[in-house]
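Okay, structure first, notes after.
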Amino acid sequence: MPRLAVGDTAPDFTLPTADGGSLTLSDLRGQGVVVYFYPAAGTPGCTKQACDFRDSLASLQAHGYAVVGVSPDSPEKLARFAQEEALTFPLVSDPEKQVLEAWGAWGEKSLYGKTVTGVIRSTVVVDPEGAVRLAQYNVKATGHVAKLRRDLGIDG
């Protein structure tokens, strides 16, 4: 599966959200957007990563970035996850995996020593004009948001 690279145009999408609405990426033009892909709401690693984004959200927003989480989970599961973890950024559902595939976040990966097909934990930063500013694949759930903040020059 091809991956996005710096300078690519981020593929637009419209997906259902945890709150029953929908989100269209191009509606967020004019600000940076951190789009992160994670395997499953409510699992330990995905919860840690989501809470790190939640805890860093004010700082990211102060630097002009919105955050959007994408997984193949149903909107109902995402709604429970958002409520349980007090997540205040949009979670979108991609059960058909079309966006995951278009963004290079679906494919073969190693899981406990076995090769499986699934969500590749990834983060893509889109600039205000819709171009990829940063693309990171196979990121670790723990410590990733802190590293992302450093990569974007956001401290504190």
Spin-label proximity, Gln83 to the stretch 7-44 - amide N less than 16 Å from point 7 Å beyond Cα toward beta carbon: 17-21, 42
Magnitude of the charge dipole, the chain, Cβ model with Lys/Arg +1 and Asp/Glu -1, debye to 20: 540 debye
³J(HN,Hα) computed for each position of the stretch 134-146 - Karplus, 6.51 cos²θ - 1.76 cosθ + 1.60, integer Hz, glycine/proline x: 8, 9, 10, 10, 6, 7, 8, 5, 8, x, 5, 5, 4
Added length on full extension, which subtracts the Cα-Cα distance from 0.36 nm per residue, Cys51 to Lys97: 14.2 nm
Inter-centroid distance (Cα atoms) of the stretch 1-52 relative to the stretch 75-105, Å: 8 Å
Placed amide H near Gly42: partners under 5 Å, 5+ positions off or other chain: Thr47
Structure-based [θ]222 nm, the chain - -39500 (n - 2.57) summed over DSSP H runs of at least 4, per residue, nearest 500: -8000 deg cm²/dmol
Relative contact order (percent, whole number), the stretch 48-156, Cα cutoff 8 Å, 6+ residue spacing: 23 percent
Surrounding net charge for Ala102, when Lys and Arg each add one and Asp and Glu each subtract one, Cβ distance under 12 Å: -3
Vicinal HN-Hα couplings computed from phi for the stretch 56-68 (Karplus, 6.51 cos²θ - 1.76 cosθ + 1.60; Hz; Gly/Pro x): 9, 4, 4, 5, 4, 5, 5, 9, x, 10, 8, 10, 9
Amide H partners (placed H, <5 Å) of Asp8, local residues excluded: Val132
Glu101, Glu84, ranked by accessible area, largest first (probe 1.4 Å): Glu84, Glu101
FRET efficiency, 1/(1 + (r/R0)^6) with R0 41 Å, evaluated for Glu76 and Leu134 via beta carbons: 0.85
Residue-normalised accessible area of the stretch 91-146, expressed per residue, 1.4 Å probe, Å²: 48 Å²
DSSP-defined antiparallel bridges as percent of all bridges, the chain, nearest 5: 70 percent
Under-19-angstrom lysine pairs by C-alpha in the chain, whenever the two are 8 or more apart or on separate chains: 7
Within the accessible area of the chain (1.4 Å probe), percent carbon and sulfur: 50 percent
Over the stretch 99-156, relative contact order from alpha-carbon pairs under 8 Å, at least 6 apart, %: 21 percent
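The values are calculated or read from the model by the stated rules, or taken from the named source; none is laboratory data. What you see is a predicted model, and the numbers here were worked out from it, not measured in a lab. With ideal geometry, Cβ positions are generated from the backbone for all residues, glycine too; neighbour counts draw on all protein chains shown. With ligands, DNA and RNA removed, areas are computed over all heavy atoms of the protein, side chains included. Shrake-Rupley method; radii C 1.70, N 1.55, O 1.52, S 1.80 Å.
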